[in-house]
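The structure appears below as structure tokens.
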Amino acid sequence: MHSPFPDATGNTAAPHPYSLLTPDVVLDALARVGLHGDGRLMALSSYENRVYQAVLEDGQRVVAKFYRPGRWSRAQILEEHAFAQELHAAEVPVVAPLVLDGGTLHAHAGFEFSVSPWRGGRQPELQEDQDWEMLEWIGRFIARLHNVGAARPFDHRPALDLQRFGRAPRDWLLEHGAVAPEHAGAWRAACDEALELIARGPSSTGVSGTFGLQNAALLRLHGDCHPGNILWTPPDETGGGPHFVDLDDACTGPAVQDLWMLLSGERRERTLQLSALLEGYEQLRPFDRRELALIEPLRTLRLIHYSAWLARRVAGGDPIFAVNFPWFGTPDYWAGQVVLLQDQVEAMQEEPLAA
């Protein structure tokens, strides 16, 4: 399937570089850093990068991650790796890249890649189990990550702000004609109204008045903390519990960014889930309750950024997106986005969750 969007020269996008990432290239990359596979490779779920579990000749399993060309600079990737190693040194359970040949980031056949140890586990089914003890444990886990994250700033990783995650994605979508023409006007109007509310700091917090993104204390975050990026192993005498497997979206932002994506269901359910998370979080780190007013603004920014992310990847010719997101870009998709943004305008004017 060809990209519906032209590139900067007016031509349709060329085949994506990942088309050159064959199994032989993956195995040769591993051999380059002294890891010799026995030929068994399994592609793991990942849209943004290409990730493979490889079995080595000695029977050990590792995970090789090939970064999407052009997405992050080398400095940004290395800063992510340094953060992961800092967390690992503080005994926060994350899967950090291995140091091989004196470094964590390697190059082969035009790709940059890292190798991590394989760790098992399952995604926590928070919305089904309603396991308050699990949520409390995850809350403590995130607080430990934030204690490390607050120690120093990122120098190269992006900040979660209105410009990068709201205005710039909106402008790209409109400039590239990605929004279905019959819904472009309504989508832009809803998007502009939502972004204006976020800029003003829409949610009242009582005594403190309005509280917007610009008022929050910032720290290094996981950035994409949803259940799919947490693996859970049953507790036993050797350990267990949650661990993170992906810091690819690590960024600077408010602490609540690493909490709100773990909430689901109706308002009452989300309130109970939030209470359990904060019960654990505040055992190890204070939490500014005013940040609860940022949940709906952050959800809104994610909606806008997600649409632009999909559009950019389709425009870039990555075939995995056409296969897995066939509904993207259709008039029905954009009609739905208009409704979602209108709903978010209403949600941002309601009282925030309290826990």
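The values are calculated or read from the model by the stated rules, or taken from the named source; none is laboratory data. Model, not experiment: these values are computed from the prediction. We place every Cβ from the backbone using ideal geometry, glycine too, and count neighbours over all the protein chains shown. The protein model used for the area step is the full one, side chains on, heavy atoms only, and it has no ligands, DNA or RNA in it. Shrake-Rupley method; radii C 1.70, N 1.55, O 1.52, S 1.80 Å.
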Stretchable slack from residue 119 to residue 200, in nm (0.36 nm times residue separation minus alpha-carbon distance)
24.8 nm
To the nearest 0.05, what FRET efficiency results for residue 31 and residue 89 with a Förster distance of 22 Å applied to their C-beta separation?
0.15
How much length is gained on full extension from residue 330 to residue 38, taking 0.36 nm per residue of separation minus their Cα-Cα distance?
100.8 nm
Cβ under 13 Å from residue 150's Cβ, residue 150 left aside: what net charge do those residues give with Lys, Arg +1 and Asp, Glu -1?
+1
With a 1.4 Å probe and all protein chains left in place, how much accessible area per residue does segment 147-203 have, in Å²?
48 Å²
Expressed to two decimals, the chain has a Cα Rg over Rh, using the Kirkwood radius, of 0.97
Relative to the Cα centre, what is the charge dipole magnitude of segment 247-355, using +1 at the beta carbon of each Lys and Arg, -1 at the beta carbon of each Asp and Glu, and rounding to the nearest 20 debye?
160 debye
Counting each DSSP H run of 4 or more residues in the chain as -39500 (n - 2.57), what helix-only mean residue ellipticity at 222 nm follows after dividing by all residues, to the nearest 500 deg cm²/dmol?
-12500 deg cm²/dmol
